[in-house]
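Encoded as structure tokens, the structure appears first; notes follow it.
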Amino acid sequence: MLTEYIDSTERAAQIIREGGLVAFPTETVFGIGADATNAEAVKKLFAAKGRPGNNPLIVHLDDGGHWSRAATELPEVAEAMLDAFCPGPLTLVLPKLPTISEQVTAGLMTVGVRIPDHPIAREILRVAAVPVAAPSANRSGRPSGTTWQAVAEDLDGRIDAIFTADSTSIGIESTVVDCSGPSPVVLRPGAITLEQLQQVAPQTREFGVGENHHMVVSGEQVNSPGILHPHYQPNAEVLIVEVPPVGISVEVSAVSAFCGMEGFDGLDAFALSRIFGSLEDYAAGFYEFLREVDRQSFQKVFVQTAADEGIGWALRDRQRRAAGG
Ligand code: TXA
Ligand code: MG
């Protein structure tokens, strides 16, 4: 298939309405949009990404007031979160409306609903006037696309169009919170932090997180099947380190990459390195750095653990997953 490179929200909306696939920017990462009420379009979307069929997609709407286009019910906690954080980098898992294709939710009774805070995304959604299923714009398992060039790298020839917008500002996917049960459960950390959610719904907790910040899947039902699939991984081996990284020889540094927030003696020895000035910049540039590591065919990348505050909560989660853990 010949991929169109577009900068018209009208054209993007038209392709989605006609059952096609369009990559477009959001404030978190680029998404690949398809009409969530069109089972054929959604099947094509899974195929284009090479995504396992049991990993559900998030449905995107242009306005919080339109939640009833995807869900049957807005529990009180979800309403409070919607009022406080939407549009924004938050996905609410709610009881699913039958018109949303079962392909979208991988047969689950629930649906993830998100109102992105990005003018291009919202305009496309408004004009398309259908709920839009949109996973991150990357081949399944790879780091999410945060620039249109990264999206093109993975998906040129596999989707109908790519919107050539600026790179995304947050750079890490939305916080996913399941509001369909007795109390809200965070299934995926994101830019909206646990503390922020607890301010509007104090009973909110993190899914199966054990003492050392690892998912415990044995003792608890896995509500988000996507959690179990490999994610955000470059070809290079990812090694998480504190700074200064100890025990790394000059020879290893010379064929490796490093990214983090602090310089140290020996940093110059790394063949490719990037020091980010803030946690926000680190989060925004992390996936693109991993992709650059692959473009330059490095075998190893050393990654400094992010501080566990603000966006660092989500960044640490993605770093751990990029490292395969
Ligand atoms: O920021 C984002 O959320 C981006 C942009 C494009 O909006 N989208 C995104 O989609 O990251 P995706 O498909 O890469 O990740 C969706 C996550 C997966 O972990 C999936 O398992 C979970 O959301 N999810 C979706 N629907 C769900 C549901 N009904 N129940 C539980 N988890 C769900
Ligand atoms: Mg993804």
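May I ask which residue of Ile170, Leu61, Ala48 lies farthest towards the positive end of the charge dipole of region 4-206, with charges of +1 (Lys, Arg) and -1 (Asp, Glu) on Cβ and the Cα centre as origin?
Ala48
Using protein chains only and a probe of 1.4 angstrom, how many square angstrom of Arg114 are accessible, to the nearest 10?
It works out to around 10 Å².
So what's the angle, to the nearest 10 degrees on a 0 to 90 scale, between helix 312-322 and the longest Cα principal axis of the chain?
So the helix axis and the longest Cα principal axis differ by about 80 degrees.
Would you mind giving the three semi-axes, in whole Å and largest first, of the ellipsoid equivalent to region 237-322 according to its Cα gyration tensor? Could you put the intermediate results ahead of the total?
Numbers: eigenvalues 78, 39, 24 Å².
Output for region 237-322: semi-axes of 20, 14, 11 Å.
Give me, ordered by chain and number, the residues 5 or more places off Val113 or on other chains with an amide H under 5 Å from its own placed amide H.
Val59, Leu92, Val93, Leu94
From the Cα gyration tensor of the chain, with a ≥ b ≥ c the square roots of its eigenvalues, which class applies: rounded if a/c is under 1.5, or else prolate if a/b is larger than b/c, or else oblate?
Values: a/c = 1.94, a/b = 1.34, b/c = 1.45.
It is oblate, given that a/c is not under 1.5 and a/b is not larger than b/c.
Using θ = phi - 60° and the Karplus relation 6.51 cos²θ - 1.76 cosθ + 1.60, list the HN-Hα couplings for region 26-34 in order, rounded to whole Hz, with x at every Gly or Pro.
Along region 26-34, the couplings run 10, 6, 8, 9, 5, x, 10, x, 9 Hz.
Could you check how much of the accessible area of region 4-206 is carbon and sulfur, as a whole percent, using a 1.4 Å probe? Present the calculation step by step, with values, prior to reporting the outcome.
Details: 3410 of 7270 Å².
Carbon with sulfur: 47 percent of the solvent-accessible area.
For region 123-177, what is the relative contact order in percent, using Cα pairs closer than 8 Å and at least 6 residues apart in sequence? Walk me through the numbers on the way to the answer.
Details: 33 pairs, mean separation 14.8, N = 55.
About 27 percent, as a whole number.
Summarise the accessible area of region 270-319 (1.4 Å probe, protein heavy atoms) by the percent that is carbon and sulfur. Walk me through the intermediate numbers first.
On the way: 770 of 1830 Å².
Of all accessible area on region 270-319, carbon and sulfur atoms account for 42 percent.
Rank His231, His66, His118 by mean-square fluctuation in a GNM of the chain with C-alpha springs under 10 angstrom and give only the top-ranked residue.
His66
Per residue of region 94-99, in order, report the coupling 6.51 cos²θ - 1.76 cosθ + 1.60 (Karplus, θ = phi - 60°) as ³J(HN,Hα) in whole Hz, putting x for Gly and Pro.
After applying 6.51 cos²θ - 1.76 cosθ + 1.60, I find 10, x, 7, 7, x, 5 Hz.
Under 10 Å, Cα contacts only: if you run a Gaussian network model on the chain, which one of Pro131, Pro119, Pro184 comes out with the highest mean-square fluctuation?
The residue with the greatest mean-square fluctuation here is Pro119.
Given the options Phe286, Phe264, Ala307, identify the residue whose Cα lies farthest towards the positive end of the charge dipole of region 237-322 (+1 on Cβ of Lys, Arg; -1 on Cβ of Asp, Glu).
Farthest towards the positive end: Phe286.
Can you give the relative contact order of the chain as a percent, counting alpha carbon pairs under 8 Å and 6+ residues apart? Can you show the working numbers first?
Details: 736 pairs, mean separation 64.8, N = 325.
Once divided by the residue count of the chain, the mean separation gives 20 percent.
Quick one: what do you get for region 157-203 if you divide its Cα Rg by 2.2 N^0.38 Å?
Working: Rg = 15.6 Å, N = 47, 2.2 N^0.38 = 9.5 Å.
Taking N as the residue count of region 157-203, the ratio is 1.64.
Once the dipole of the chain is set up with Lys and Arg at +1 and Asp and Glu at -1 on Cβ about the Cα centre, which of Thr26, Val185, Gly157 lies farthest towards its positive end?
Farthest towards the positive end: Gly157.
Given a 1.4 Å probe and the protein chains all in place, what does the accessible area of Thr3 round to, in Å² to the nearest 10?
The accessible area comes out at roughly 20 Å².
Could you give the dipole magnitude of region 28-179 about its Cα centre, charging the beta-carbon of Lys and Arg +1 and that of Asp and Glu -1, in debye to the nearest 20? Kindly include the intermediate steps, with their values, before the conclusion.
Details: 12 positive and 18 negative charges, 102 e Å.
The dipole of region 28-179 has a size of about 500 debye.
To the nearest 20 debye, what is the magnitude of the charge dipole of the chain about its Cα centre, counting +1 on the Cβ of each Lys and Arg and -1 on the Cβ of each Asp and Glu?
Working: 24 positive and 41 negative charges, 191 e Å.
Around 920 debye, computed over the chain.
Taking the chain as a Gaussian network, where each spring joins two C-alpha atoms under 10 Å apart, which residue of Ala71, Ala129, Ala306 fluctuates the most?
With Cα springs under 10 Å in the chain, the top fluctuation among Ala71, Ala129, Ala306 is at Ala129.
By how many degrees, 0 to 90 and rounded to 10, does the Cα axis of helix 39-49 deviate from the longest principal axis of the chain?
Once rounded, one gets 10 degrees.
Give me a comma-separated list of calculated 3J(HN,Hα) values for region 120-126, in order, Karplus coefficients 6.51, -1.76, 1.60 applied at θ = phi - 60°, integers in Hz, x for any Gly or Pro.
5, 4, 5, 5, 4, 5, 5
Compute the relative contact order of region 237-322 as a whole-number percentage, counting only Cα pairs closer than 8 Å that sit 6 or more residues apart in sequence.
Numbers: 121 pairs, mean separation 32.4, N = 86.
It rounds to 38 percent for region 237-322.
Please calculate how many Å² of accessible area the chain carries per residue, with a 1.4 Å probe and no DNA, RNA or ligand atoms counted.
Numbers: 13310 Å² over 325 residues.
Result: 41 Å² per residue.
Against the longest alpha carbon principal axis of the chain, how many degrees, from 0 to 90 and to the nearest 10, is the axis of helix 76-85 turned?
Roughly 60 degrees, rounded to the nearest 10.
Using a 1.4 Å probe and ignoring any ligands, DNA or RNA, find the accessible area of Ser8 and quote it in Å² to the nearest 10.
Its heavy atoms expose roughly 40 Å² to the probe.
Amide H to amide H under 5 Å from Gln233: which residues, 5+ apart in sequence or cross-chain, H placed 1.01 Å off N in plane?
Amide H neighbours of Gln233, under 5 Å, 5+ apart: Arg142.
List the residues whose amide H sits under 5 Å from the amide H of Gly31, counting only those 5 or more places along or on another chain, with H placed 1.01 Å from N in the peptide plane.
Those lying under 5 Å, H to H, from Gly31 are Phe24, Thr26, Ala137.
The values are calculated or read from the model by the stated rules, or taken from the named source; none is laboratory data. Small disclaimer: the values here were computed from a predicted structure and weren't measured. We place every Cβ from the backbone using ideal geometry, glycine too, and count neighbours over all the protein chains shown. Areas reflect the complete protein model, heavy atoms only, side chains present, ligands, DNA and RNA absent. Shrake-Rupley method; radii C 1.70, N 1.55, O 1.52, S 1.80 Å.
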